Each structure stands twice: as structure tokens, then as C-alpha cells.
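Coordinate-derived values only; no laboratory data. What you see is a predicted model, and the numbers here were worked out from it, not measured in a lab. All Cβ positions, even for glycine, are placed from backbone atoms using ideal geometry, and neighbour counts span all protein chains on display.
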Amino acid sequence: MLDSLKDSVRKFLTGSNVYEKSVEDFIKDLQKALISADVQVKLVAQLTERIRSRLREERPPSAIERREWFIKVVYDELSALFGGDVRPFVNPPKLPYVIMLVGVQGSGKTTSAGKLALFYKRRGYKVFLVGADTYRPAALEQLTQIGRQIGVPVYGEPDSKDPVAVSSKGKERALRERAEVVIIDTAGRHGYGEEQQLLEEMKSISNAVSPDEVILVMDASIGQKAFDLASKFNQATKIGSILLTKLDGTAKGGGALSAIAATGAIIKFVGTGEKVEDLEIFNSRRFVSRILGMGDLEAILEKLRATGELDEVQKKMEEAMSGRTKITLRDIYKQINAIRKMGPLSKVLQMIPGLNMLPKLPTQEDLKMTEERMRRWLAIMNSMTYKELDDPSVIDKSRIRRIAKGSGTTPEDIRELLNHYEMINKMLKTMKRRKDLGKLFGQTGVE
Ligand SMILES: Nc1nc2c(ncn2[C@@H]2O[C@H](COP(=O)(O)OP(=O)(O)OP(=O)(O)O)[C@@H](O)[C@H]2O)c(=O)[nH]1
């Protein structure tokens, strides 16, 4: 689903068109992909408007290329479209914990009951299944089979026509057997469009068994039609969440996810296959990063984190300039590590504004030497103890020899790093406040 976006991201990041044109092309691809995934046109329009307004109003952090930053903006906004940063709890907040499953016929309710049972069993809970789908006789048989397969007991009454009575008796039995998580599979005879009937039945069983949580099972292939049932369900129960099934087999999953998210209902799980293991906790950011291409996105997020770390060190340096604190080897470690995460120095330097104001620009040869030195220094600091990183004055000759051995470097390399540390602190003390990042790189050893 939405697979075509990975190619669009690639094309956008590596393309040679002017930036503004690339952005417009990407937005067109994005709109097309979302609409063909059945996302409501109104939601697509809102999403693109938000992306455009962020492009107008925000500026990328200085060390990030604007193409990469644009993809990060798209990532944020798509994640919001599919439910945002809501992290629903999955471990039962109390025990025993009674979950009641509701859903229309064929939505995958019985299969999902089995999946949830296995999910909780694997997390170490004693699980019990109750088959209260009295309208479809085969449902109990199906549940019993799954129960046998995963080693979870199942309660059911093959001849009963009273789902409320079966649910209550099943719950009683489960509690007598000291079950910790009780999952009740209820009847689902109604089709989409008959929400009221389904919700009324949910209420009557709910009154009888007082579940701790009601999970609505929905089939993702209904796409944006999921909106009506999800919003009524969300209004009808405060203890509800949604399990969206068959996300693996439909091109309309984006429509269902965004429609449900728009109702404010929480999507807790998604079904991703027919097997009893095929259940995932839903996380909209993870979902979107798959759509956009894990590799590309991870690299961008890593760089953004690295710029955040650099900002922290920068702040510390400013404090050091006012004499309030000192830069430690830990700070230097953080700084070098962050710079290395951002890519080859030659590329990183091109992105720093004001760099051409330095007295002398580094040559390729300088950069190579600096990169090599950064690598050595990281190895050295990796071999030091926290105490030594915080206060290098405790490092004596014999420790220098040991650290050199441990890091595959020489005692001279270590002295060079220690000198750099002394020099930075001395410099900071005498330097006036200067905020540009170019200076920061100067201190890293690029002469
Ligand atoms: N591909 C795929 N198939 C699924 C998934 N979840 C359920 N199914 C299939 O959907 C079909 C219907 O599932 P059931 O569990 O029988 O549906 P139900 O909602 O319990 O049906 P009723 O008991 O009639 O209400 C079965 O063929 C399942 O294998 C899923 O996540 N992915």
C-alpha cells in the first residue's frame, strides 16, 4: 500500500530539478498515492495545505539539506494523518482484564480473538477465550480450533442462542480458573451501515459482563467508509479501541486508517495476515516510515538528532565562554560523534552558513586528515572511563599506555587529544560570545 511513495522520495532526494519544482512534483505524487489508497479528498487537501504552510513559515536547521528537511515535514504530517503520536497502552492496567471484541460479520473478529490471545499469552499472561458468537455456529468451532493451536482454553455453548448469557457464564468460568486476560468474541451478524444494531448489542453484552476494554474489529478494505462506524463507536464507549484487520490485503488501508484517526478513535492493533501471529501494535510513525522508505528516512532523522546534539554542545560552549562551566571530553565526544553522523565533512561543511568567512578554507587533504583524527579520538574516548572523560587530569602515564593499547592508537594520539581539550577550554575562556557554527567546526580540528 502506498508503495509508490518510496520511489517518489528517492526521486525527490536525488533529483536534479530545481527545489520548488521537485516539491510540487512530490506533492502531486503524494496526493495521487493517498487518493488511490482511498484517503478522503478533504483530508488530502488539509494535509497538503499544512505541508505548504510549514514550508512557508519554517526554516530547516542550518546543517540539514532542505530536501531532507522537506521529507521530515512530510513524515510528520503523514504521521499526524494516521493517528499521530498516540501510544495506546497494550499491557493490561489491571488484572484480571476483560476484553470484549465487537465487529461486523466477516471483519476478522474470530481470527483476531485468537491473535490477541496469542499476543497476551506471549507476554506472559494467563489467557482465556469466550466464544459468544451464537449467530454463526461455525464461529465457536473456529475459535476452539485456534485455542487448541495456541494452547488457550475456550468456553462456548454450541446450542445457545443467547450471546449475553454465554458471555457472562464464560467470564465467570474464566475468573474461576484464575485467568488474567479474558477475551470475549461476540456476535457480528450485522453489515456495515447497520451500526446502530451492532452498538446496541454491544451495550447489552457490555452491561452484563462490564468489560475493561471493548475492541472494535474492522476490515481495512472498507477504506474511508470506516469513518461512520468508528465515530459512532468512539462516541458510544469510553473504553474502546480499534483493531484494523487485513491491512496486508487491501490498497485501501490508508483510507481506513486516516478515516478512523479523524474520528479520534484509537487504533491499537492491526492485522497483517491470516496466521495467528499476524498482529502488530499500531504505530503511525512506524507505519509512515515504511511507506516513505525506512532507509532514507532513518538517515534523515539521525541527522536531525545529530544537529540537536550539536546544538546542545554549542549551548554548553556558550556557557563555558561565560566562565560558568568547562567543556569535558564527553562534550567533545558528543560533538565529534554528531558531526560524523551528519555525513562526510566536505558535505557537512558546505551546509554551514558563514563558513566562507573563515580565514582559510580547509582543503580536501585537511578534511581527510581531520576525519581520520576524529575517528582516532572517538576510539580513544571509547577506551576511557567515565571518570576520565569528566576529568582527564586523573589520566597518568600508565593509563595513557593502556588507553593507547585498548584503542589501537599511540600515546602521542592521546596527548594530542588532551592538548586539544586544554586548548578548547583556554580558548573558550578568552573568546567573546560567538554563535556561528563555523567557529564550532574550527575548534573540532579543521584548521
Ligand atoms: N489477509 C488477512 N486475512 C484476515 C485477517 N484477519 C482475518 N482474516 C481473514 O478474514 C476472514 C474472516 O475472518 P473471521 O475471523 O472468520 O471473521 P469474523 O469477523 O469472526 O466473522 P463472523 O464470525 O462471521 O462475524 C478469514 O478468512 C480470516 O482468515 C488479516 O489481518 N489479514
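Quick notes on this one:
- Members of K109/K203; K225/K275; K32/K341; K6/K72; K225/K268; K109/K238 lying beyond 24 Å, as alpha-carbon distances in this model show: K225/K275; K32/K341
- Here the chain carries DSSP beta bridges of which approximately 10% are antiparallel, counting only pairs with both residues inside.
- DSSP beta bridges in segment 97-282 [antiparallel fraction, %, rounded to 5]: 10 percent
- Around the amide H of G240, modelled in the peptide plane, lie the amide H atoms of V214, all under 5 Å away and 5 or more residues distant in sequence or on another chain.
- Here is the size of segment 97-282 from its Cα atoms: Rg then Dmax, 15.0, 44 Å.
- For the chain, the longest principal axis of the Cα atoms and the long axis of helix 411-430 meet at an angle of about 90 degrees.
- With neighbours defined as other Cβ atoms within 10 Å of a residue's Cβ, the residues I239, I380 order from fewest to most as I239, I380.
- Treating each Cα of the chain as an identical point scatterer and summing with the Debye formula, the log10 of I(q)/I(0) at q = 0.07 Å⁻¹ comes to -0.54.
- A simple count of charges around I239, restricted to other residues whose Cβ falls under 9 Å of its Cβ and scoring Lys, Arg +1 and Asp, Glu -1, yields -1.
- Net charge of neighbours whose Cβ lies under 10 Å from the Cβ of G255, counting Lys and Arg as +1 and Asp and Glu as -1: +1
- Sequentially through segment 83-95, phi angles give Karplus couplings (6.51, -1.76, 1.60; θ = phi - 60°) of x, x, 8, 5, 10, x, 6, 10, 6, x, x, 8, 10 Hz, Gly and Pro residues having no value and appearing as x.
- Proximal charge balance of E213 [Cβ under 11 Å; K/R count +1, D/E count -1]: +2
- Of the residues K387, K238, K326, the one that moves most in a GNM of the chain with alpha-carbon contacts below 10 Å is K387.
- Once backbone amide H atoms are built at 1.01 Å from N, D219 has T245 as its partners under 5 Å, excluding neighbours fewer than 5 places away on the same chain.
- Cα gyration tensor category, rounded, prolate or oblate, for segment 227-301 with a/c compared to 1.5: prolate
- Protection proxy ranking, peptides 334-345, 217-228, 407-418, average beta carbon neighbours within 10 Å, highest first: 217-228, 334-345, 407-418
- The helix-only estimate of mean residue ellipticity at 222 nm for the chain, built from DSSP H runs of length n ≥ 4 each weighted as -39500 (n - 2.57), is -18500 deg cm²/dmol after division by the residue total.
- Anisotropy class of segment 4-81 from Cα gyration tensor, a/c 1.5 cut: oblate
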